[in-house]
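Below is one structure, written out as C-alpha cells; comments come after it.
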Amino acid sequence: MGMLLSTALAMGLLSLFQQQLGSLWSGLAILFCGLRLALRWLGSGRGQPQPQVRTMPEETLEEPKGPQSTIPVSVNYHFTRQCNYKCGFCFHTAKTSFVLPLEEAKRGLLLLKQAGMEKINFSGGEPFLQDRGEYVGKLVRFCKEELALPSVSIVSNGSLIREKWFRDYGDYLDILAISCDSFNEDVNVLIGRGQGKKNHVENLQKLRKWCRDYKVAFKINSVINRFNVDEDMNEHIKALNPVRWKVFQCLLIEGENSGEAALREAERFLISNEEFEAFLERHQEVSCLVPESNQKMKDSYLILDEYMRFLNCTGGRKDPSRSILDVGVEEAIKFSGFDEKMFLKRGGKYVWSKADLKLDW
C-alpha cells in the first residue's frame with residue numbers, strides 16, 4: 001500500500017515537472033524569437049531614429065550656384081610708394097611712406113597663399129629702396145622657401161640693385177622685370193628716369209647679365225607715352241632678349257597722376273589708341289612683346305597697396321578695400337573690382353616659374 005502511494009506521488013510530481021518544463025521551454029522559445037527579431041531590427045538601422053532625407057525632384061537636384069569667390073591666383077603687392085625716380089606718368093605715387101613690419105607682411109602673404117595665390121609680384125614705388133633691398137629679399141625668400149609659391153617676381157627701375165643681392169636672394173626669384181621706357185637717355189630724363197651721371201640703359205645691360213649669371217628670368221616693362229611713342233626699340237629688345245616685353249599704354253588714374261589730389265600730371269604723356277597701335281605694329285616682329293592697352297590693364301590686376309588693401313580701379317581711381325590682415329582675403333577681395341576674364345584675355349596667366357621656362361642660361 002505504501003509502495004503504491006509512493007509510485008502515485010512520483011508520477012504526479014513527474015507530470016507537474018513536465019508541465020513546468022514545457023512552459024519554460026515555450027517561454028524560452030518565444031524569448032529567443034523576440035531576440036532574433038530585435039537583432040534583425042537593429043542590424044537594419046531601424047532600431048535608431050534616422051535623419052530625414054529631403055529628396056528633391058530629379059531636375060532640381062543641383063541648385064544654381066551664386067557668384068564664386070575670386071581666387072587670387074596672381075597678386076601685385078605694392079608694399080612701398082617711395083621711389084628714387086620721378087616718372088611723370090607714375091600711377092602709384094608716393095602718397096605715404098608706410099611699409100608694413102616684415103612679420104605682418106609675411107602673415108598677409110600666408111593668407112594669400114591659403115586663399116589660392118600662385119604668383120606674387122613685388123612692386124612699388126621702388127622695392128629696393130626699403131632696407132637697401134633686404135626687405136624685399138626676405139619676402140622673396142619667404143615666398144619660395146616657406147610658402148613654396150610657383151612664381152615670385154619683382155618690378156624695379158633697377159637703379160639700386162647690386163650683384164650681392166643676386167648672390168643672397170637670386171635662387172628664390174623667378175622673374176625680375178626692369179622698367180625701361182626708352183633706349184635714348186635724353187628721353188629717359190624727360191620722362192623722369194634720369195639720375196645724374198648714371199645711365200639707365202647701361203645699367204639695364206648690367207642687370208641683364210646678372211640675371212643670366214644667377215639664373216633669374218629677365219623681363220622688360222615699357223610705358224608708351226608722348227615722348228617715346230615714335231621710337232624704334234626693335235634692335236635693343238632683341239639684343240637683350242627678355243622672356244617678356246610688357247608694353248603698356250600710358251594710363252590716367254584719378255588721385256595718382258590726374259586730378260586735384262594727384263602728385264603727378266600725366267595728361268601731357270597721353271597717347272591715342274591709334275598711336276599705341278602704331279607702336280605695336282612697328283614692333284610686331286618682337287616675339288616676346290605683350291601689349292596692354294588701357295582697356296586691358298585697368299581692371300585686370302589684383303593690386304594690394306602698402307596696407308594690404310585691394311585697390312579697385314573700375315571708377316578710374318584706386319578705391320581701397322579693408323585690409324586682408326583685418327578681414328581676410330575672401331572678404332577684402334569682394335571689393336577689388338577684378339575682371340578675371342580680362343586677366344586671362346590679356347595673358348595674365350603664363351609660364352611664370354623659371355623651373356618651367358627651360359631657359360638657356
Only listed residue being among the polar types (S, T, N, Q), within 22 Å of residue 81 (Cα to Cα) and touching a helix residue (DSSP H, G or I) at 6+ places or on another chain (Cβ under 8 Å), chosen from 199, 221, 121, 188:
188
Scanning the stretch 237-264 for residues that are open to solvent by 80 Å² or more (accessible area, probe 1.4 Å) and under 13 Å from residue 289 (Cα atoms) gives 238, 241
Please determine whether any residue of the stretch 107-125 is among the polar types (S, T, N, Q), modelled with pLDDT of 95 or more and assigned to a helix (DSSP H, G or I).
yes
Name the residues in the stretch 286-318 that are within 26 Å of residue 104 (Cβ to Cβ), outside any strand (DSSP E or B) and among the charged types (D, E, K, R), would you?
305, 306, 318
Please tell me if residue 111 is over 19 Å from residue 334 (Cα atoms) and within 23 Å of the chain's Cα centre (by Cα).
no
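Given the structure, is residue 301 open to solvent by 70 Å² or more (accessible area, probe 1.4 Å) and of a type in the set (Phe, Trp, Tyr)?
Against the criterion (open to solvent by 70 Å² or more (accessible area, probe 1.4 Å) and of a type in the set (Phe, Trp, Tyr)), residue 301 does not qualify.
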Does residue 268 meet the test of being part of a helix (DSSP H, G or I), open to solvent by 60 Å² or more (accessible area, probe 1.4 Å) and touching a Lys or Arg at 6+ places or on another chain (Cβ under 7 Å)?
yes
Any hit, the stretch 200-211, residues being among the charged types (D, E, K, R), surrounded by fewer than 17 Cβ atoms within 10 Å (Cβ to Cβ) and modelled with pLDDT of 90 or more
yes
Within the stretch 344-361, take every residue that is under 17 Å from the mean Cα position of the chain (by Cα) and closer than 17 Å to residue 177 by Cβ and give me the one that is most open to solvent (accessible area, probe 1.4 Å).
349
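The values are calculated or read from the model by the stated rules, or taken from the named source; none is laboratory data. Note that the structure is a prediction, hence the values are computed from the model and not measured. Note: ideal-geometry Cβ built from the backbone for every residue, glycine included; neighbour counts use all protein chains shown. Side chains included, ligands, DNA and RNA excluded: accessible areas come from the protein's heavy atoms. Shrake-Rupley method; radii C 1.70, N 1.55, O 1.52, S 1.80 Å.
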